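*Asks:* Got a structure here, written out as structure tokens. Questions coming.
Every number in this text was worked out from the coordinates using simple rules, so none of it is lab data. The structure presented is a predicted model; accordingly, all values stated were derived computationally and were not measured. Don't worry about glycine lacking a Cβ; one is built from the backbone with ideal geometry, like all the others, and counts go over all protein chains shown.
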Amino acid sequence: MTHLFSKTRLLESKIEEFLSHASEVGLLFREGVKNYLDGRWEEFERRRRQVTEMEKRADDLRHEIERQLYVETLIPDSRGDVLGILEHTDEIINKAKASLTQFSVELPDIPDDLDADYTELADFGCRAVQELVSGIRSFFRSGASVSDYTHKVAFWEKEADQVGEKLRRKIFEHDLDLSRKIHLGNFVRHIDSIADAAEDVSERLAISAIKRSI
């Protein structure tokens, strides 16, 4: 299986930059959640701003890639798959930005005994994103290892689901007002949405890899 962009170095560099942003956003998201839980407000806000800046750059890159694919009529057989993968990966970045913004705006008062579970949930989402980005890179280079990475994405998404359910149960076992329980539960969903979105892209990636191999 040949390199998908062997004759388009500029396009390849744009896609690589886009994927690097997606990977870094996943890491910044995890660290941002940890900073918030640890009460390190300035560090949290710094990471939130970094994610916001990367989200803007990723949007610009995706549009540039889309224009280049159409204007230069590149890879017509795979163009729809490539654009779909990048568009849905961009949604992960958007979700990470939205989630950190929700923390910044709503300032959830999270009980200390739940910190470890929220941290673990953010970590599993980050791991899913890292495996996804590796899988996308593999798809663009050869496609040979895509299934290995998509399997790992699915693994981390399932782990996140289990932690999310356990955390929601803990929340509703707490002696808290119902409104606060619902508020805390919403942030479980915000964080868990990162792993869910990574799995959605991973499933699309797996189908694209199969099509490319036929």
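*Asks:* Send over the Kirkwood Rh of segment 43-107, from the inverse of the averaged 1/r over different Cα pairs, rounded to one decimal Å. All intermediate terms of the calculation are to be shown ahead of the outcome.
*Replies:* Values: mean 1/r = 0.0761 Å⁻¹.
Result for segment 43-107 stands at 13.1 Å.
*Asks:* For the chain, give the magnitude of the charge dipole about the Cα centre (Cβ charges: +1 Lys/Arg, -1 Asp/Glu; no others), in debye to the nearest 20. Don't skip to the end; give the middle numbers.
*Replies:* Working: 32 positive and 43 negative charges, 142 e Å.
Here the chain has a charge dipole of around 680 debye.
*Asks:* Could you give the C-alpha radius of gyration of segment 9-213 expressed as a fraction of 2.2 N^0.38 Å, taking N as the number of residues it contains? Could you put the intermediate results ahead of the total?
*Replies:* Working: Rg = 17.9 Å, N = 205, 2.2 N^0.38 = 16.6 Å.
Here the Cα radius of gyration is 1.08 times the empirical estimate.
*Asks:* Okay, moving on. In percent, what relative contact order does segment 103-208 have, based on Cα pairs under 8 Å that are 6 or more apart in sequence?
*Replies:* On the way: 107 pairs, mean separation 41.9, N = 106.
Computed value for segment 103-208: 40 percent relative contact order.
*Asks:* If you don't mind, another one. Rounded, prolate or oblate: which one fits segment 136-214, using the alpha carbon gyration tensor with axes a ≥ b ≥ c (rounded when a/c is under 1.5, else prolate when a/b beats b/c, else oblate)?
*Replies:* Values: a/c = 4.99, a/b = 3.60, b/c = 1.39.
Prolate shape, in that a/c is at least 1.5 and a/b is the bigger ratio.
*Asks:* A further question follows. Which of Arg67, Arg47, Arg180 comes first, and how do the rest follow, when ranked by fewest Cβ neighbours within 10 Å?
*Replies:* Working: Arg67 10, Arg47 23, Arg180 15.
Arranged by neighbour count, lowest to highest, Arg67, Arg47, Arg180 become Arg67, Arg180, Arg47.
*Asks:* For Asp200, what charge total do you get from the other residues with a beta carbon under 10 Å from its beta carbon, if Lys and Arg give +1 and Asp and Glu give -1?
*Replies:* Numbers: positive: Arg204; negative: Glu91, Glu157, Asp196, Glu199, Glu203.
In short, -4.
*Asks:* Glu16 to Asp59: extension gain in nm, 0.36 nm per residue of separation minus the Cα-Cα distance? Don't jump to the answer; show the numbers that get you there.
*Replies:* On the way: separation 43, 0.36 × 43 = 15.48 nm, distance 1.38 nm.
Stretched fully, the Glu16-Asp59 segment lengthens by 14.1 nm.
*Asks:* Fully extended, how many nm does the chain gain between Leu176 and Ala116 (0.36 nm per residue separation, minus their Cα-Cα distance)? Before the final figure, lay out each step's value.
*Replies:* Values: separation 60, 0.36 × 60 = 21.60 nm, distance 1.88 nm.
Length gained, Leu176 through Ala116: 19.7 nm.
*Asks:* Moving on to the next point. Quickly estimate the mean residue ellipticity at 222 nm for the chain, helices only: each DSSP H run with n ≥ 4 gives -39500 (n - 2.57), and the total goes over all residues, rounded to 500.
*Replies:* Values: 6 runs with 179 residues, N = 214.
After summing the helix terms and dividing by the residues of the chain, the value is -30000 deg cm²/dmol.
*Asks:* Would you mind calculating the relative contact order of segment 9-213 from Cα pairs under 8 angstrom and at least 6 residues apart, reporting the percent as a whole number?
*Replies:* Working: 230 pairs, mean separation 53.9, N = 205.
Over segment 9-213, the number comes to 26 percent.
*Asks:* In what order do His151, His21, His88 fall by count of nearby beta-carbon atoms within 10 Å, going from fewest to most? Present the calculation step by step, with values, prior to reporting the outcome.
*Replies:* Details: His151 13, His21 24, His88 18.
So the residues, fewest neighbours to most, are His151, His88, His21.
*Asks:* Ok, one more. On full extension of the chain, what length is gained from Asp148 through Ile210, given 0.36 nm per residue of separation minus the C-alpha to C-alpha distance? Walk me through the intermediate numbers first.
*Replies:* Working: separation 62, 0.36 × 62 = 22.32 nm, distance 1.31 nm.
Computed gain between Asp148 and Ile210 is 21.0 nm.
*Asks:* Past 29 Å, Cα to Cα: identify those pairs from Lys14/Lys97; Lys34/Lys95; Lys166/Lys211; Lys56/Lys181, in the order given.
*Replies:* Working: Lys14/Lys97 21 Å; Lys34/Lys95 17 Å; Lys166/Lys211 38 Å; Lys56/Lys181 33 Å.
Table pairs above 29 Å Cα-Cα are Lys166/Lys211; Lys56/Lys181.
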